[in-house]
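Pasting in a structure now, in structure tokens, and then I'll have a few things to ask.
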Amino acid sequence: MEVQLIDKMGSDLTVVNAARVSFGKNKEVFDASDEKLIRFLAKHNHWSPFAHCSVQFRIKAPIFVARQLVKHQVGLSWNEISRRYVDYEPEYYIPQSWRLRAEDKKQGSSDETIEYDIANTVKIANTTYTEMLEKGIAPELARMVLPQNMYTEWYWSGTLYAFARVCELRCAEDTQAETREIANSIDKICNEEFPYSWKYLRNED
């Protein structure tokens, strides 16, 4: 799985200047007073200054992970590769071990694992897909036989505040491990690009 930063707009200074524009003020250099302001904004849920910063990612993950993440809609935009238009050889996410169901959870998994081989299942699905294309069946129909562990790719863009909300929920320990891996990568990149804003949006004071 991969998370690549494609583009970003703004900085921690953007946030404080957006907040201070109400008073007709603008700063060129970030200082300690600006960190205090960012902390105040985040603590009291003044979200709009953080929405003036944005990030854009290109992400590669299996479909079952993408379908969890696409549920986040507010402040975000999503464009995904479509097998209506592409029919090259699919790639698949195949775990080396499989977590067992947790006895004390309605959803999620335990730390206990077993080995289980799905290679033949994936091979059958992939062979069927290829045969359907060879017979001239439209890719938009042939794609229905592909399993949820097939990799997909998408551009995911949005405000800093929106991605903080994603990470608040998806970096949590009760999130599915594979989804948490993507969220943790987003978390790390946003922290590098917006260290003060991200610190307080993620309640790390």
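The values are calculated or read from the model by the stated rules, or taken from the named source; none is laboratory data. Only a predicted model underlies this, so the values are computations on that prediction, with no experimental measurement involved. Methodologically, a virtual Cβ is constructed for each residue, glycine included, from the backbone with ideal geometry; neighbour enumeration extends over all protein chains shown. With ligands, DNA and RNA removed, areas are computed over all heavy atoms of the protein, side chains included. Shrake-Rupley method; radii C 1.70, N 1.55, O 1.52, S 1.80 Å.
For segment 96-193, which fully contained helices (runs of 4 or more DSSP H) count at least 2 residues that are among the charged types (D, E, K, R) and open to solvent by 60 Å² or more (accessible area, probe 1.4 Å)? Break it down stepwise before answering.
Details: elements: 119-134, 139-142, 160-170, 177-193.
The qualifying helices (runs of 4 or more DSSP H) are 119-134, 160-170, 177-193.
List the pairs whose first member sits in segment 49-71 and is under 22 Å from TYR161 (Cβ atoms), whose second member is open to solvent by 40 Å² or more (accessible area, probe 1.4 Å) and among the acidic types (Asp, Glu), and whose Cβ atoms are under 6 Å apart, counting only residues at least 6 apart or on separate chains?
GLN56/ASP7
Considering ALA66, ALA18, which residue is within 20 Å of the chain's Cα centre (by Cα) and part of a helix (DSSP H, G or I)?
Every option except ALA66 fails the conditions.
Can you say whether PHE30 is in contact (Cβ under 8 Å) with a residue 12 or more places away in the chain, under 21 Å from the mean Cα position of the chain (by Cα), farther than 16 Å from PHE163 by Cβ and open to solvent by less than 100 Å² (accessible area, probe 1.4 Å), as far as the supplied structure shows?
Here the answer is no, as PHE30 does not meet what is asked.
Across segment 195-204, which residue is surrounded by the fewest Cβ atoms within 10 Å (Cβ to Cβ) among those that are out of contact with any Asp or Glu (no Cβ under 6 Å at 6 or more places or on another chain) and not acidic (Asp, Glu)?
Here the residue is ASN203.
Turning to a different aspect of this structure: Is it the case that segment 8-20 has a residue that's touching a strand residue (DSSP E or B) at 6+ places or on another chain (Cβ under 8 Å) and not basic (Lys, Arg)? Full working, then the answer.
Narrowing segment 8-20 to residues touching a strand residue (DSSP E or B) at 6+ places or on another chain (Cβ under 8 Å): 8-10.
Narrowing further to those that are not basic (Lys, Arg): 9-10.
Yes, some residue in segment 8-20 is touching a strand residue (DSSP E or B) at 6+ places or on another chain (Cβ under 8 Å) and not basic (Lys, Arg).
Another question about this same structure. Those residues that are over 30 Å from VAL145 (Cβ atoms) and open to solvent by 30 Å² or more (accessible area, probe 1.4 Å), I need them from segment 52-72; list them, please.
Matches in segment 52-72: HIS52, SER54, GLN56.
Another question about this same structure. Yes or no: LYS36 of a type in the set (Lys, Arg) and touching a residue at least 12 places away in the same chain (Cβ under 8 Å)? Don't jump to the end; show me each part of the working.
Working: of a type in the set (Lys, Arg): yes; touching a residue at least 12 places away in the same chain (Cβ under 8 Å): no.
Taking the combined requirement at face value, the residue does not satisfy it.
Picking from VAL3, VAL16, which residue would you name as being in contact with a Leu (Cβ under 6 Å, 6 or more places away or on another chain), at pLDDT 95 or above, over 30 Å from ALA138 (Cβ atoms) and not charged (D, E, K, R)?
From the options VAL3, VAL16, the qualifying one is VAL16.
Something else: Does LEU133 satisfy the criteria of being modelled with pLDDT of 95 or more and touching a Cys at 6+ places or on another chain (Cβ under 6 Å)? If you could, list the steps in order and put the result at the bottom.
Working: modelled with pLDDT of 95 or more: yes; touching a Cys at 6+ places or on another chain (Cβ under 6 Å): no.
No, not satisfied.
Just name the residue that is farthest from the chain's Cα centre (by Cα) out of those in segment 33-48 that are open to solvent by 60 Å² or more (accessible area, probe 1.4 Å) and over 21 Å from TRP156 (Cα atoms).
Selected residue: LYS36.
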